[in-house]
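Data block below; observations after.
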Amino acid sequence: MSNHKIALVGNPNSGKTTLFNAFTGSNQHVGNWPGVTVEKKEGILKYKNKEYDIIDLPGIYSLGAFSEDEIVAMDYVLSNDADVIINIIDSCNIERNLYLTTQLLEMSKNVVLVLNMCDEAQKREIKIDTAALSARLGIPVVTAVAYKGEGIEDIVEAVIKVIDDKKSYDNPVVYNENVLHHIEHIEEILEGCTLPYPTRWTAIKIVEGDNHVLEMIDECGLNEETIKQIKDFHKFHNKDSFELEVVDSRYSFANNVARDVVIRPEKEVKTITDKIDKFLINKYLGIPIFAAIMFIVFQTTFIVGEEIFGGLAADLVEGFGGILEGFLVLVNSPDWLVSLVADGLIGGVGAVIEFVPLITVLYLMLGFLEDSGYMSRAAYVWDNLMRKFGLHGKAFISMIIGFGCNVPGIMSTRTMENKKDRMISMLINPFMSCGAKIPIYVVFIAAFFPNHGALVLFTLYGFGILVGLIMAKVFNNTLFKGESSYFIMELPPYRMPTIKNVLRNMWTNVYDFIARAGTIIFTVVTLMWVLAVLPTSADPYSKESFLGMIGSFLVPLFKPAGFGTWQESVALFAGIPAKEAVVGTLGMLYAGEYMEEGKILVDVIRQHFTHLTALSYMLMVLLYTPCAAVLGTIGRETKSIKWVIFTALYTFLIAWIVAVAVFQIGSLLGFS
Amino acid sequence: MMTISLIKLHEGDEAKVESIAAGKDATKRLYEMGLNTKARISVLKNDFGPVLASVNGNKIAIGRGLAEKVMVQKTEKEEENRDE
């Protein structure tokens, strides 16, 4: 027998993924903002020698979905695949959260209600009578503080009891008379029909005018007379007003229940959140504070990641490389193997691995921001400015996520209701500089701007945002005309980020970085090495090697931007599969030059570049064609190869124009 | 009692939602987030950017364009302590 399936359903930011991690021991990404989870995820809970499949879903406010992530959750709930639904509720927000609960109950689902974040409710002096709530809804109610692991076992016990009892629940929602009349009317029409869902629920959804159900009616083989009657009902009644009446019925039910079981304090308890928000989303301070926060992130990343621990990592990599090379020579390994290991592995992959401390600090800081509740505030303060470019605040979240990596950045656009907004946000995300590009910047910063590391990084990131916004405006006026969607967003309370969450998010990213160095970067660098030492007739790493030929072919393209050697050109080419490979390839190609002289990559870079060309090279890296993983994500999300090609080409074009303009104008002005 | 747009309220004002004259999706979303007919809200911030309203103590940011279409009835009792 297959395992019982338990799905986690609830409003955005109610703690589903936190609970999922607690159940399954997984390390899924959590954060304190609505919309962290955009995909369905599965895991296994082992409890008392039994296994259960746990399904984590994106947050939804209702079973009528607008955006891609909500559709994923809604489709799953409607599929009837789950044996039990754990409906997670934010205890401070019962009225609104119960709305979804009423919809689950309408479907006669087996629901276990979890009142999460009880500690916060307590702080705000909100008292909830759980026994009364359970009686009113006719379902088990359990309290929990998921992030502390409190109440986890109670939830599992309640779920198992529901599975064992096998009893079904009635829909306790009371509809207003007008609506009820029509629901019953439709129910009569549907009587005797075979439907994939309960008749009553289907009737409610038809009265509500739910598109999903109306489509289903067409497809489930009802006789024509029934379909006609339903369609007539629709034509006759203005379905919009019914829709809101049904919503209102559910809401007044939820409100009535809440009124009976929740006691709120006379006057809202002022929380620390209110005080912090006075500053962070202030009219004048909002954006400067955002800028300051980002600057602090880069400054700390630099000081801690590069200056304090960076040297250590470099020494370790070189030390290990030296030992390995020595060993290979000692056992009389063939020259090609020594070269592959010394130049390819240590010079290439090692050059990437050296940045682990830096990346670690960066992701620690970004994770801290995500877990604190600041993300929605950033969206809030940017909303006004974003509108000038035809987007809205929510789009800004996908941009900040893109700072970590463009893949989740693009995925996070799933939460956007409007297709146009979403498309534009996806297309501009590659301009948000990701973690993988940092090693490239840092090498150039160390060579040319050693005293202004954070400032250069900050400027690059800022410039990326600027280019992204300008392109958003351009797309708005050309490819995607039309109104930007409405902006509604919850600002969750600030929470002290838990060490566990921050470390977990950091570790997943750092692990990914290391794993990439060992897999894709290793593969790319090895491939580049092979191309650099073949054909055997040519000198290794010379212009006459295959790689040299490719590079020389590309040189004329990049010459106007100031980087004229084949090595520099081919490194950009190597960056298309993965950005770290730019440094990896430069490291490998220049390894011969620096290793023998006891120098480091930075010294060689200093010989081959000038301040100006270093700048144009960094801008090129910032803006040009995103890595293969990002292109793949764009393909998956847009379901079209056309947008992949478009993104690859237009980003390259923009990058080329900017890099050439900077070099040419800079040269004219006499910079070098 | 006069019905006015949410965007006309000031920080500290309290009001009851009367009707929402936005597009279907936006209206439904607002309803689902607690801004339905008769819901009590208080305005936490309305100076630039989205209007920040509190519904049962939860903060919801509503873009200015949309906030304009939310019609509310101001609850009077807050008049006296408006100037704080």
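The numbers here are math on the coordinates, done by the rules we state, and not lab data. Quick caveat, the model's predicted, so the values are computed rather than measured. Every residue, glycine as well, gets a Cβ built from its backbone with ideal geometry; the counts of neighbours run over all protein chains shown.
Per-residue counts of other Cβ atoms within 10 Å, averaged by peptide: what ranking do you get for A:332-341, A:133-142, highest first?
A:133-142, A:332-341
Set the Förster distance to 51 Å, then compute FRET efficiency between A:Lys148 and A:Glu307 from the Cβ-Cβ distance, nearest 0.05.
0.90
Could you state the number of Å between the C-alpha centres of segment B:1-65 and segment A:109-142?
27 Å
Taking the 0 to 90 degree range and rounding to the nearest ten, how far is the long axis of helix A:68-78 tilted relative to the main principal axis of chain A, both from C-alpha atoms?
Relative to chain A, helix A:68-78 is tipped by roughly 40 degrees.
Per residue of A:242-251, what is the mean number of Cβ atoms on other protein chains within 10 angstrom of that residue's Cβ?
3
What does the charge dipole of segment A:133-265 about its Cα centre add up to, to the nearest 20 debye, if the Cβ of each Lys and Arg holds +1 and the Cβ of each Asp and Glu holds -1?
Once rounded to the nearest 20, the dipole reads 460 debye.
Once a ≥ b ≥ c are taken as the square roots of the eigenvalues of the Cα gyration tensor of segment A:532-672, is the result rounded (a/c under 1.5), prolate (a/b larger than b/c) or oblate (a/b not larger than b/c)?
Oblate, since a/c reaches 1.5 and b/c is not below a/b.
Does segment A:1-153 come out rounded, prolate or oblate by the C-alpha gyration tensor, with a ≥ b ≥ c the root eigenvalues, rounded set by a/c under 1.5 and, if not, prolate when a/b is larger than b/c and oblate if not?
rounded
Restricted to Cα positions, what overall size does segment A:153-269 have along the principal axes? Three whole-Å values, descending.
54, 40, 21
If we count other beta carbons within 10 Å of each Cβ, what is the order of A:Glu106, A:Glu157, fewest first?
Final ranking by Cβ density, sparse to dense: A:Glu157, A:Glu106.
Taking only the C-alpha atoms, wrap a convex hull around segment A:356-442 and report its volume per residue in Å³ as a whole number.
94 Å³
Taking a label point 7 Å from the Cα of A:Thr478 along the Cα→Cβ vector, which residues of segment A:415-457 have an amide N closer than 20 Å to it?
Residues passing the 20 Å test: A:420-432.
When you look at the Cβ of every residue in B:46-52, what mean number of other chain Cβ atoms sits within 10 Å?
Averaged over the peptide's residues, the number is 6.
What's the average, rounded to a whole number, of partner chain beta-carbon atoms within 10 Å of each residue's beta-carbon in B:19-29?
Per residue, the number of nearby Cβ atoms from other chains is 4 on average.
Rounding to the nearest 10 and keeping the result within 0 to 90°, find how far the Cα-based axis of helix A:419-428 lies from the longest principal axis of chain A.
The helix A:419-428 is inclined about 20 degrees to chain A.
At what distance in angstrom do the alpha carbon centres of segment A:8-64 and segment A:284-358 lie from each other?
35 Å
Counting other beta carbons within 10 Å of each Cβ, put B:Arg40, A:Arg250 in order, fewest first.
Ranking B:Arg40, A:Arg250 by Cβ neighbours within 10 Å, fewest first, gives B:Arg40, A:Arg250.
Is there a pair in B:Lys38/B:Lys69; A:Lys473/A:Lys639; A:Lys16/A:Lys267; A:Lys278/B:Lys59; A:Lys419/A:Lys473; A:Lys283/B:Lys38 whose C-alpha atoms are over 18 Å apart, and which pairs would that be?
A:Lys473/A:Lys639; A:Lys16/A:Lys267; A:Lys283/B:Lys38
Relative to the longest principal axis of chain A, what angle (0 to 90°, nearest 10) does the C-alpha long axis of helix A:286-300 take?
It is inclined by approximately 50 degrees.
Could you run the Karplus curve 6.51 cos²θ - 1.76 cosθ + 1.60 with θ = phi - 60° over segment A:456-466 and give me ³J(HN,Hα) per residue in whole Hz, x for Gly and Pro?
Once θ is set to phi - 60°, the couplings for segment A:456-466 become 5, 4, 4, 5, 4, 4, x, 5, x, 4, 4 Hz.
Rg and Dmax of segment A:225-345, using alpha carbons, in Å: what are they?
So, for segment A:225-345, Rg and Dmax equal 33.8, 89 Å respectively.
When chain B is modelled as a GNM with alpha-carbon springs shorter than 10 Å, which of B:Ile62, B:Ile41, B:Ile20 fluctuates the most?
Comparing B:Ile62, B:Ile41, B:Ile20 in a Gaussian network model of chain B, the most mobile one is B:Ile62.
Under a crude label model (7 Å from the Cα following the beta-carbon direction), how far is A:Arg606 from A:Lys419 in nanometres?
5.6 nm
Fewest first, what order do A:Thr101, A:Thr647, A:Thr519, A:Thr226 take by the number of other Cβ atoms within 10 Å?
A:Thr519, A:Thr226, A:Thr647, A:Thr101
Cα gyration tensor of chain A, axes a ≥ b ≥ c as square roots of the eigenvalues: rounded (a/c below 1.5), prolate (a/b > b/c) or oblate?
prolate
If r is the Cβ-Cβ distance from A:His181 to A:Ala515 and R0 is 51 Å, what FRET efficiency results, to the nearest 0.05?
0.25
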